[in-house]
1. Quickly run through the stretch 685-700 and pick out the residues that are open to solvent by 30 Å² or more (accessible area, probe 1.4 Å) and touching a residue at least 40 places away in the same chain (Cβ under 8 Å).
2. For Arg213, indicate whether it is open to solvent by 40 Å² or more (accessible area, probe 1.4 Å) and touching a strand residue (DSSP E or B) at 6+ places or on another chain (Cβ under 6 Å).
3. Looking only at residues that are small (Gly, Ala, Ser) and either over 22 Å from Ile70 (Cα atoms) or surrounded by 21 or more Cβ atoms within 10 Å (Cβ to Cβ) (or both) in the stretch 187-210, which one is nearest to the chain's Cα centre (by Cα)?
4. For the stretch 519-539, does any single residue satisfy the condition of being within 14 Å of Arg223 (Cα to Cα), within 28 Å of the chain's Cα centre (by Cα) and open to solvent by 20 Å² or more (accessible area, probe 1.4 Å)?
5. Six or more apart or on different chains, Cβ under 7 Å: which pairs go from a residue in the stretch 548-560 that's within 21 Å of Ile495 (Cβ to Cβ) to one that's assigned to a loop (DSSP other than H, G, I, E, B)? Could you list them?
6. Could you name every one of the strands (runs of 3 or more DSSP E) located completely within the stretch 7-90 that has at least 1 residues being of a type in the set (Asp, Glu)?
7. Out of Leu321, Leu289, Leu293, report the one residue that is in contact with a helix residue (DSSP H, G or I) (Cβ under 9 Å, 6 or more places away or on another chain), assigned to a loop (DSSP other than H, G, I, E, B) and open to solvent by less than 10 Å² (accessible area, probe 1.4 Å).
8. Consider Ser586 carefully, then state whether it is at pLDDT 95 or above, assigned to a loop (DSSP other than H, G, I, E, B), polar (S, T, N, Q) and out of contact with any helix residue (DSSP H, G or I) (no Cβ under 6 Å at 6 or more places or on another chain).
Amino acid sequence: MSAMSASPHESAIGHVTGAARYTDELAMPSGCLSMMPVLSTLAHARIVQLDVSAARLAEGVIDVITAADIPGLNDTGAIVHDEPLLPTTTVEFYGQALAWIVAKTDAQAISAAKLVRVELAPLPPILSFSDAQAAQAYHMAPKRLIRGDAESALTASPHRLSGTFESGGQDHFYLETHASWAYMDSENLLRVHASTQHPSETQHIVARVLALRQHEVIVSCVRMGGAFGGKETQANAFAALVALAAMRTGKPVRIKLKREADMTLTGKRHPFQTHYDVGFDSDGRITALRAELIADAGWSLDLSPPVLTRAMAHIDNAYYLPHVHLTGLMARTNKVSNTAFRGFGGPQGMLVIEEIISAIARQLDLAPEVVRAHNFYGGKTGMELARDHTHYGQPVRDGGLRMQRIWDIALKQGNYPARKQELAAFNQTSPMRKRGLAITPVKFGISFNKVTYNQAGAHVLIYHDGSVHVNHGGTEMGQGLHSKMLAVAARTLGIAQSHIKIMVTSTEKVPNTSATAASAGADLNGQAVKSACDAILARIFAVLRTHWDLQDAIELHCANDQISSACGNQICFKDAVALSYEARISLAATGFYATPGLSWDMEHNTGHPFYYFSCGAAVSEVEVDGYTGEWRLRAAHLVHDVGDSLNPLIDIGQIEGGFVQGMGWLTMEELVWDAHGRLRTVAPSTYKIPTISEVPDALAGQFSTTLLDNAAQPGVIYGSKAAGEPPLMLAISVREALRDAVAAFAITPSCAPIKLDCPSTPEAILRAVIAVRS
């Protein structure tokens, strides 16, 4: 267990009592105006007329904003300038905002929006992978990732399989929808409060749209009620809109999206279509893989290129692939621009290889868990090729040893062999209810794909009484980053967390920060906070050495609100601070950290993009109703490596929450667009997310989480490892257990792959059951 304290989330009481404030709940200046959009009713069209004159005269309307009112660059694209804030000539997706009404109240803005006269000339929409292929509608040139000679290896393989696999998208469904508000302060600074994972980029986009310098824009984020990647780039447009309206009207202006508008306007997890051809030997070891991965990017690029890159880099999951030829494409469709989502393409890539492993096991009539273990990193092949390098060239430290250790623990925790026998006995006597069991691994790379983003800053201030303010560039979205930063500062300074206050994230405190994403928030910001604390301590230690007449070689230590020397000297922390203040030394410092040793060749998609890998495994058991396709999760046992945890309670919460969210993506969260490109699943009534009723009973021992012990990670803040994204992929075990249950419905044995659509909804499961029974 960690040396850090397993303390509750720093805002836990605020979360459950309602005392914690979110962006739209902050005390806004009086006279705050509201904004509401005018939405397109076609997925693809030419804008013939946009007449807002009647809306301008409506009761309570202060302004109506169209593309013509943008003083700077009409673009919010994160990577390339392909995403106008407001369209000028063409509608690109159903529900795209054509104009925004600025009024005294929400109701007045909604009423005025109905008065805008919009005339559109329909254009053929591209709404599917097949539409994109027919029209050759793709963003950018194809990406390639190649190792060895896949074609020759496929030809020489003893066995071979090919297939096509699709995985669906997923809405972020954060509890707090998008919210922003802005005002001009008395110093003519534009202050923006936004629910954003990336305040620095929001600042950059606002300045770009308004033709301002970045120092004229201050962006702050108090906390978010969930984000999961959906507020990494998608928050920028709403912040730019309120900023523009505030600058034009001279009044504070807010946007707070209703759930339907949020789901209509914002990007999702990328759906993927993959065509694969795989070779393997009689033990199920993969000898070669050729695959084409196509991501549905939507109408603009957003973050699709790095999402696709991470999917291609994670198609190996925990398995060694000796010969690989991958092609990556981004379909340009007339849908919302898909964006970052927990795992950032990694889950989509890992899902492909698990689909392939399942098909291999069926064809060879081997247990899937045996085939998975045969393919783990580590050891040598018959050709004496080292099995410890990924297909993009990065070594997997300790080969498969850590993964094998996790795997063995998961098998034991899940009582796998005995449970497998129990399920077989149950299935023999139960004709229309079948149970399935599966264990799947996770190996996930930690760091941003782009090397530049692997940096962080912090600003720590110690006051005369020994109390501390910590500013860092990360944002809190419920994941516990602030709690971990409290732990880092307290451990470094040797004081109680009660003496430390984490301040609101703001670009005026820590500039040029990276997004809180890629599971790197604690790694990056933790090192920056420690760097700043160490800088101040070094000054305090120098004062104390003089005060105690100690040589520089004498070590000083901080713990339990005391600073002591190896010679027996001791002073309480706040007295040491006071002494340092009297000595006129600075009690504030900035800290900075840049992850070392990273490299990436964007042309060839090779290099060392990840600082380390986070690994885990999960055993899941399900029961399926053969009449309806309905199912339930009977048990789940999770094992995950979080290194030497900064806060075990936070990490366990992240692991369990990630697993449940991943289960939602894979089994129930189905996005449905109609033939006109209109999203029809825009509320909890039509879009099902997991609830507590889908989770097995932990008190009965049917849902457990085990943190790998003795697993400190060298070079990471206090030996900890990331826990944000990797656990989501533990839920692949649920889908594989469903496949196992479906297979049990077969009347006669077959080696054919079990086709199971994704998400594996009850309807999809029922189709699969009917197929195997026939």
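1. Ile689, Glu694, Val695
2. Values: open to solvent by 40 Å² or more (accessible area, probe 1.4 Å): yes; touching a strand residue (DSSP E or B) at 6+ places or on another chain (Cβ under 6 Å): no.
Criteria not met by Arg213.
3. Residues of the stretch 187-210 small (Gly, Ala, Ser): 194-195, 200, 207.
In the following step, the residues that additionally are either over 22 Å from Ile70 (Cα atoms) or surrounded by 21 or more Cβ atoms within 10 Å (Cβ to Cβ) (or both) were identified as 194-195, 207.
Values: Ala194: 19, Ser195: 16, Ala207: 26 Å.
The residue in question is Ser195.
4. Taking every residue of the stretch 519-539 in turn, none turns out to be within 14 Å of Arg223 (Cα to Cα), within 28 Å of the chain's Cα centre (by Cα) and open to solvent by 20 Å² or more (accessible area, probe 1.4 Å).
5. Filtered contacts from the stretch 548-560: Trp548/Asn569; Glu555/Ala566; Cys558/Gly494; Ala559/Gly494; Asn560/Gly494.
6. On the way: elements: 33-39, 45-51, 61-65.
In the stretch 7-90, the matching strands (runs of 3 or more DSSP E) lie at 45-51, 61-65.
7. Working: Leu289 fails: assigned to a loop (DSSP other than H, G, I, E, B); Leu293 fails: assigned to a loop (DSSP other than H, G, I, E, B).
Testing whether each residue is in contact with a helix residue (DSSP H, G or I) (Cβ under 9 Å, 6 or more places away or on another chain), assigned to a loop (DSSP other than H, G, I, E, B) and open to solvent by less than 10 Å² (accessible area, probe 1.4 Å) leaves just Leu321.
8. On the way: at pLDDT 95 or above: yes; assigned to a loop (DSSP other than H, G, I, E, B): yes; polar (S, T, N, Q): yes; out of contact with any helix residue (DSSP H, G or I) (no Cβ under 6 Å at 6 or more places or on another chain): yes.
Yes: the conditions hold for Ser586.
The values are calculated or read from the model by the stated rules, or taken from the named source; none is laboratory data. Just so it is clear, the model here is predicted, and its values are computed rather than measured. As a convention, Cβ positions derive from the backbone with ideal geometry for all residues, glycine included, and neighbour counts pool all protein chains shown. Calculation scope for accessible area: heavy atoms of the full protein, side chains included, ligands and nucleic acids excluded. Shrake-Rupley method; radii C 1.70, N 1.55, O 1.52, S 1.80 Å.
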